[in-house]
Amino acid sequence: MDKPLIVITGPTASGKTSLAVDLAEKFNGEIICADSRTVYRGLDIGTAKPTESDKKRAPHWGLDLVNPGDYFSVADFKKYADNKIEEIRSRNHIPFLVGGTGLYIDAVIFDYKFGKVADLTKREALNKLTLTELRDYCKNNNIALPENDKNKRYLVRNIERNDTNLLKKDCPIKNTIIIGILTDRALLRTRIEGRSEQLFKDGAVEEASIMGEKFGWDNEALKGNIYPLAHQYLLGKITLDDMISKYSIIDWRLAKRQLTWMKRNKFIKWLNLDDAKIYISTRLAKLV
């Protein structure tokens, strides 16, 4: 029998990455990162990619797949992840799908089947709409907003997915263990604030400056997350303290959007970090 697919999801800063690394190291696993931000090369510090130490402890996949601005859809991720899961199992290792991008997770565990190619004429028309108009379009057409509803590209792709006759399973694919990391809201807020400060200490502004010069600040990949704030700081429009504070708020709002998306999935078993470690370890120990 194939090794199970272990899915660990949860909001940003919930501790899912460290848990996955601990478990993958112990049970001969390999990690597939399900994060729409970490697929971009060069955006390392600002997207909080796994550290070199983490990658030495367990193999990581799904990182640095495309350059900033290159097209990479949920369909692309699903195809990539499916192939990696098969490869990992062929090595008799355990695949771990880990991340906070709920759509990426859902695409794999509910085996999304994508229909026709997007209408390029409609895409051009959608790209001419403002963020507010795109959000209104979603609401008026009963389309769930993406996790990052301030990114025009995400909104356009979200609308396009609704138009491609998406097919998906009602239940998760077989042999899958799905865990969501349950975190006290006050503790999560504290972790987010602490991580915000750490990112800037680690060189997020310097990274943003390099990537902005290389790819341009209008690049879609640089319009979200930490990068617009770093640009404002580099232009002298905000202070360092303002930048850290504003980024904490952005990340907190992201966490709330992620939770809203994930809570709709009734198949996620929600546990705190300690209980999740015990639960998954117990399940995997029976396979050894």
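Work from the charge dipole of the stretch 186-254 (Cβ charges, +1 for Lys and Arg, -1 for Asp and Glu, about the Cα centre) and give the residue of T190, L222, V205 farthest towards its positive end.
Working it through, the farthest residue towards the positive pole turns out to be T190.
Using the Cα centre of the stretch 186-254 as the reference point, and only Cβ charges (+1 on K/R, -1 on D/E), how large is the resulting charge dipole? Debye, rounded to the nearest 20.
240
Could you tell me what a quarter of the Cα convex hull surface of the stretch 186-254 works out to, in nm² with one decimal place?
Projected area, direction-averaged: 4.4 nm².
Which of L182, L166, L229 moves the most in a Gaussian network model of the chain with Cα springs under 10 Å?
Checking each option, the largest mean-square fluctuation is seen for L166.
Please pull out the direction-averaged projected area of the stretch 45-93, using the convex hull of its alpha-carbon atoms, in nm² to one decimal place.
Working: hull surface 17.0 nm².
Reported value for the Cα convex hull: 4.3 nm².
DSSP beta bridges in the chain, what fraction antiparallel, as a percent rounded to 5?
Approximately 5 percent, going by the DSSP bridge assignments.
Could you let me know the centre-to-centre spacing of the stretch 209-288 and the stretch 164-183, using Cα atoms, in angstrom?
21
Rank-order 243-255, 97-109, 23-35, 259-271 by packing density, defined as the average count of other C-beta atoms within 10 Å over each peptide's residues, highest first.
Details: 243-255: 19.3, 97-109: 24.7, 23-35: 22.0, 259-271: 15.4.
Per-residue mean Cβ counts within 10 Å order the peptides as 97-109, 23-35, 243-255, 259-271.
Only Lys, Arg, Asp and Glu count, each charged at its Cβ (+1, +1, -1, -1), so figure out the dipole size of the chain about its Cα centre, rounded to 20 debye.
Using Cβ point charges on Lys, Arg, Asp and Glu, the chain gives about 900 debye.
Set Lys and Arg Cβ to +1 and Asp and Glu Cβ to -1, take the dipole of the chain about its Cα centre, and tell me which of M262, P172, V7 lies farthest positive.
Value: P172.
Please rank H60, H93, fewest neighbouring Cβ atoms within 10 Å first, as an exposure proxy.
Neighbour counts put them in this order, fewest first: H93, H60.
P(r) tail for the chain, what percent of Cα pairs lie past 29 Å?
Numbers: 13947 of 41328 pairs.
The answer is 34 percent, as a whole percent.
Can you list the DSSP H helices in the chain whose Cα atoms extend at least 27 Å along the helix axis and whose mean Kyte-Doolittle hydropathy is 1.0 or higher?
none
Computed from the coordinates by the stated procedures, all read-outs in this text should not be read as laboratory data. Predicted model, so just to flag it, every value in this text is computed and none were measured. With ideal geometry, Cβ positions are generated from the backbone for all residues, glycine too; neighbour counts draw on all protein chains shown.
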